[in-house]
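Encoded as structure tokens, the structure appears first; notes follow it.
Bear in mind these aren't lab numbers, they're just calculated from the coordinates by the rules spelled out. Bear in mind the structure is a predicted one, so any value in this text is a computation, not a measurement. In this analysis, Cβ positions are derived from the backbone assuming ideal geometry, glycine residues included, and neighbour counts consider all displayed protein chains.
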Amino acid sequence: MSLLVKICGLSTRETLEVALEAGADMVGFVFFSPSPRHLSLETARELGRQAKGRATKVALTVDADDATLENIAETLQPDLLQLHGKESIARVRDIKQKFGLPVMKVIAVETSADLAALPGYASIADRILFDARAPKGATRPGGLGNVFDWHVLEKLDLQLPFMVSGGLSADNVAEAIRVTCAGGVDVSSGVESAPGVKAPELIRHFIRAARATEELMVR
Ligand SMILES: O=C(O)c1ccccc1N[C@@H]1O[C@H](COP(=O)(O)O)[C@@H](O)[C@H]1O
């Protein structure tokens with residue numbers, strides 16, 4: 001199984017094209033208004049058409065209601081929903097049933113105690129993303145460039161595909177994969193020149209660095 005690389009927070013045609021041409025498996029679009037990467041539905045429609053059939057289109061939402069998810073499903077036509085809020089297990093099940101789309105539930109990690117909720121989510125989600133827990137008072141639950149202690153995942157026994165994110169960059173992605181044995185990696189801040197501004201060379205560099213680790217065992 002090859003490593004999945006996701007570039008998240010894309011918001012322009014130009015940088016989306018760079019990610020697609022550099023071989024991103026997943027491209028992420030943020031629908032959360034406090035984020036510097038938040039997309040309008042109009043832009044989502046345009047970028048969704050551009051990415052169709054070229055990579056997995058991921059819609060990132062934070063505790064979104066049904067009406068918001070309906071608008072995103074209609075305009076972006078995502079292949080995967082990334083639930084990055086405090087969605088309960090029941091809400092994840094409800095979203096899967098209502099929208100008929102696979103779901104990647106995010107687990108915010110700081111210590112091993114944060115993995116207590118994992119079995120419940122793993123029983124309903126299609127994949128898990130482990131991201132760094134945002135500090136108290138943060139304006140958003142992710143996309144802050146913060147790293148968590150990857151050793152928390154070292155002894156993980158999860159029968160579900162999982163990815164890792166949080167402060168990844170071309171410089172540390174190999175070590176994150178080595179420690180966690182994750183089957184995928186996800187980056188946003190680490191391929192930007194300023195919050196919300198994707199840098200083409202950093203996108204290419206990240207994907208090259210992640211791909212260079214593919215001889216390591218992944219799951
Ligand atoms: O990118 C955002 O602004 C964002 C907003 C709300 C929730 C999650 C967000 N980003 C996601 O967080 C992880 C880690 O990002 P980073 O690489 O540390 O910047 C990733 O999945 C982002 O897409």
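Things to note:
- Backbone geometry of the stretch 114-125 corresponds, through the Karplus equation with coefficients 6.51, -1.76 and 1.60 at θ = phi - 60°, to 3J(HN,Hα) couplings of 5, 8, 4, 7, 4, x, x, 5, 5, 6, 10, 6 Hz, x marking Gly and Pro.
- Amide proton proximity set for Glu192, modelled H, under 5 Å, gap of 5+: Ala199
- Whole-Hz ³J(HN,Hα) from phi, Karplus 6.51 cos²θ - 1.76 cosθ + 1.60, for the stretch 59-65, glycine and proline x: 9, 9, 10, 10, 6, 6, 8
- In order along the stretch 41-52, the Karplus-derived 3J(HN,Hα) couplings, from 6.51 cos²θ - 1.76 cosθ + 1.60 at θ = phi - 60°, round to 5, 4, 5, 4, 4, 5, 5, x, 5, 5, 8, 3 Hz, and Gly and Pro are given as x.
- Greater than 27 Å apart at Cα, pairs in Lys96/Lys198; Lys52/Lys136; Lys57/Lys136; Lys57/Lys86; Lys52/Lys198; Lys105/Lys136: Lys96/Lys198; Lys52/Lys136; Lys57/Lys136
- Per-residue ellipticity at 222 nm computed for the chain from its helices equals -8500 deg cm²/dmol, with DSSP H segments shorter than 4 residues left out and the rest contributing -39,500 (n - 2.57).
- Förster radius 30 Å - calculated FRET efficiency between Glu201 and Asp126 (Cβ-Cβ, nearest 0.05): 0.40
- Segments 168-176, 131-139, 180-188 sorted - mean Cβ within 10 Å per residue, highest first: 180-188, 168-176, 131-139
- If you take the Cα centroid of the stretch 2-66 and the Cα centroid of the stretch 161-219, the two points sit 16 Å apart.
- For Gln82, nonlocal amide neighbours, meaning residues 5 or more places apart or on other chains whose placed amide H falls under 5 Å from its own, are Ala59, Leu60, Thr61, Met104.
- Overall, the anisotropy analysis places the chain in the rounded class: the square-rooted eigenvalues a ≥ b ≥ c of its C-alpha gyration tensor yield a/c less than 1.5.
- Candidate lysines for bridging to Lys155, where Cα separation is under 19 Å - those fewer than 8 sequence places away on the same chain excluded: none
- Placing unit charges on each Cβ (+1 for Lys and Arg, -1 for Asp and Glu) gives the stretch 4-218 a dipole about its Cα centre, and among Leu153, Ser165, Thr180 the Cα reaching farthest toward its positive end belongs to Ser165.
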